[in-house]
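The values are calculated or read from the model by the stated rules, or taken from the named source; none is laboratory data. The structure displayed is predicted, hence computed values, not measured ones. Quick reminder, even Gly has a Cβ in these numbers, built from the backbone with ideal geometry, and neighbours come from all protein chains shown. When the accessible area is computed, the model is the full protein with side chains, heavy atoms only, and any ligands, DNA or RNA have been set aside. Shrake-Rupley method; radii C 1.70, N 1.55, O 1.52, S 1.80 Å.
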Amino acid sequence: MCGKVLLGVLCSVAAVHGWWCEGHMLVAEIASLHLSHSANQRLEEYASYLHKNGPFPKSADWKQLACWPDDIKGSLSMTSGWHYTDIPINPDNLPDVPQPPADNIVSALESESRTLGRLSQYNIYENSFTLGMYIHFVADAHMPLHCVTYFSNTFPPPKGDLGGNMFYIVVNNTEISLHAFWDSVGGMYENLPRPLDNANKHVLKNIAEGLVEKYGGDFTQLQIENDNYNSWAQEGYEASVDHVYAGITNGTVVSQQYIDTARDVGQRKMTLAGLRLAHLLKGFFQ
């Protein structure tokens, strides 16, 4: 799952997902570690319903359900805009830079929260669908490039760089999109084959436990309990300005320091996403 080989093939993968599937499952696994047995059981009931009645064979448990919204995005295009928002980064103060659309990841999370807060008012399919989307979008909202679009003379309005999808860097002699590079947490994670076998489930849990051990103590309880989705997007904007776009231009051959920073920032934000997801799910299911 880790190593230089992955960085050599990133350029061949479509950069359309926030955290690759392994990253989404890790966020869910971190949350699972902080939930009671009964809460995990309830989540499994909803995931099992969707798994069997979709059917969605790759989403065999609630941690694997975290990837499901990306699985269906191509066939359910109405959900595509729910995965991100586009806070503009506009260092050159270009005119006519658009503001984020009204339907975005923040509005989606707010809507899903309202549904999950009133589970008894909806049927099991509606609740299962909403839960799968919510788990996924909590993680997406912590991927910096799902919060911004960069504008410059190279990437003019109205599209900009499309969340880093049009902005390319060179890593280990390979040109890849900025979005793909940060999706993979600097080349650390790939897409594990789903449904997971027992060996990969064990690997995933070990990685999640390691992330919590390394980064979990860095966050205050106030940070973890922050349920203001707009502020999460603002955090992504700040991380993009401070780290993602710092010191690079389109075509830059990035340094090892940049790669190390991407890995550190990415893992830290995934850990925070998992801790926040646990806190929020406790409110719905415990």
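Residue selection: A66 fails the criterion of being open to solvent by 10 Å² or more (accessible area, probe 1.4 Å), under 21 Å from the mean Cα position of the chain (by Cα), within 20 Å of A31 (Cβ to Cβ) and in contact (Cβ under 8 Å) with a residue 12 or more places away in the chain.
Across the stretch 196-244, the qualifying residues are those that are among the hydroxyl-bearing types (S, T, Y) and out of contact with any Lys or Arg (no Cβ under 9 Å at 6 or more places or on another chain), and the one among them that is nearest to L280 (Cα to Cα) is Y229. Scanning the stretch 169-190 for residues being in a strand (DSSP E or B) and either in contact with a helix residue (DSSP H, G or I) (Cβ under 7 Å, 6 or more places away or on another chain) or within 14 Å of M143 (Cβ to Cβ) (or both) gives a total of 6.
For the stretch 239-286, filtering for residues that are of a type outside the set (F, W, Y), farther than 29 Å from S36 by Cα, surrounded by 15 or more Cβ atoms within 10 Å (Cβ to Cβ) and within 19 Å of the chain's Cα centre (by Cα) leaves 9. Here the condition is being touching a residue at least 40 places away in the same chain (Cβ under 8 Å), touching a Gly at 6+ places or on another chain (Cβ under 6 Å) and open to solvent by 10 Å² or more (accessible area, probe 1.4 Å); of T149, T174, T154, it holds for T174 alone. When E45, E110, E29 are checked against the criterion of being closer than 30 Å to G210 by Cα, modelled with pLDDT of 95 or more and open to solvent by 40 Å² or more (accessible area, probe 1.4 Å), E45 stands alone in meeting it.
Being under 15 Å from the mean Cα position of the chain (by Cα) and touching a residue at least 60 places away in the same chain (Cβ under 8 Å) is a description that does not apply to L94.
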